[in-house]
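See structure below.
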Amino acid sequence: MTAPIRALRLPDLGLDREHAARAEGFTCIAGLDEVGRGPLAGPVVSAAVVLDLGNVPQGLADSKALTAARREALFAEILATSQVGIASVSHQEIDTINIRQASLLAMCRALAALPCAPDMAFVDGNDPPALPCAAEAVIKGDSSIASIAAASIVAKVIRDRMMARLGNAYPAYGFASNAGYSTKAHLTAVASEGPCPFHRLSFSPLRQGLLDL
């Protein structure tokens, strides 16, 4: 039941923006998004996706609106039909340069990781990085532009997998279920166990030392 319901979202996204950019003369049009600005642990991950406009996976949507199973299915379809670049910025880098700069850097790295050289990029949000191509920031672009939605799916699947692996190594924090976000159980574990080596020590409340629960 899930896949057909999600597929109904595609007409809401459409490919109008990508086709308009193509009509303006752009030939390699990427969607860019990042995942992981808010968590207390782990990296921030970004993806850049250049869709094949003649072979777009059905049911693209903001990754947050999809079930984990549907994201995984679309992830495989996106990799099979599109050009994809994936990059991350570690928790150490986040602590050094701050999360905003880390998010911008992750997007730059993802664009550079593409097998093609984009001449246009649609970027989710209102704070685009300095890119070596034309770029347009689109607020809530992950729910309105197909290429950004595809990037959001790829970035989330990759980051969730990374956090699941961290969860195996550090089971006390529940990373496999909370992805590093500040759930009550996660905060309780940090208060009890202290931070693990992959926590972002510059983030409140970690930078304050002990948690006040």
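For the pair Ala134 and Ala80, what calculated FRET efficiency results from E = 1/(1 + (r/R0)^6), where r is the Cβ-Cβ distance and R0 = 35 Å, to the nearest 0.05? All intermediate terms of the calculation are to be shown ahead of the outcome.
Numbers: r = 27 Å, r/R0 = 0.78.
Plugging the Cβ-Cβ distance into 1/(1 + (r/R0)^6) gives 0.80.
Carbon-plus-sulfur fraction of the accessible area of the chain, 1.4 Å probe, in percent?
On the way: 5360 of 9690 Å².
It is 55 percent, rounded to a whole number.
For the chain, divide the Cα radius of gyration by the Kirkwood radius and give the resulting Rg/Rh value with two decimals.
That ratio equals 1.00.
Net charge around Gly54, counting only other residues with Cβ within less than 12 Å of its Cβ (Lys, Arg = +1; Asp, Glu = -1)? Present the calculation step by step, with values, prior to reporting the outcome.
Numbers: positive: Arg22; negative: Glu18, Asp52.
Counting the neighbours of Gly54, the net charge comes to -1.
Hey, what angle do you get for helix 99-112 against the long axis of the chain, alpha-carbon based, 0 to 90 degrees rounded to 10?
40 degrees
Order 138-149, 158-169 from most to least packed using the mean count of other Cβ atoms within 10 Å.
Working: 138-149: 23.0, 158-169: 17.6.
Listed from highest to lowest mean packing, they are 138-149, 158-169.
Report the calculated FRET efficiency for Asn98 and Thr183 (r = Cβ-Cβ distance, R0 = 25 Å), to the nearest 0.05.
E between Asn98 and Thr183, to the nearest 0.05, is 0.60.
With a/c under 1.5 counting as rounded, go ahead and sort region 69-121 into rounded, prolate or oblate using the C-alpha gyration tensor (a ≥ b ≥ c being the square roots of the eigenvalues; past the cut-off, prolate if a/b is larger than b/c, else oblate). All intermediate terms of the calculation are to be shown ahead of the outcome.
On the way: a/c = 3.14, a/b = 1.54, b/c = 2.05.
Judged from the Cα gyration tensor, region 69-121 comes out oblate (a/c at least 1.5, b/c at or above a/b).
Mind checking which lysines have their C-alpha under 16 Å from Lys140, skipping anything on the same chain fewer than 8 residues away?
Output for Lys140: Lys64, Lys156.
Amide H neighbours of Val44 under 5 Å, at least 5 residues apart or on other chains, H built in the peptide plane: list them.
The answer is Val89.
If I take all pairs of Cα atoms in region 51-171, what percentage of them are more than 18 Å from each other?
55 percent
The values are calculated or read from the model by the stated rules, or taken from the named source; none is laboratory data. Computed from a predicted structure; not experimentally measured. For neighbour counting, all protein chains shown are included, and Cβ atoms are generated from backbone atoms with ideal geometry for every residue, glycine included. Side chains are part of the model used for accessible areas, which takes the heavy atoms of the whole protein and leaves out ligands, DNA and RNA. Shrake-Rupley method; radii C 1.70, N 1.55, O 1.52, S 1.80 Å.
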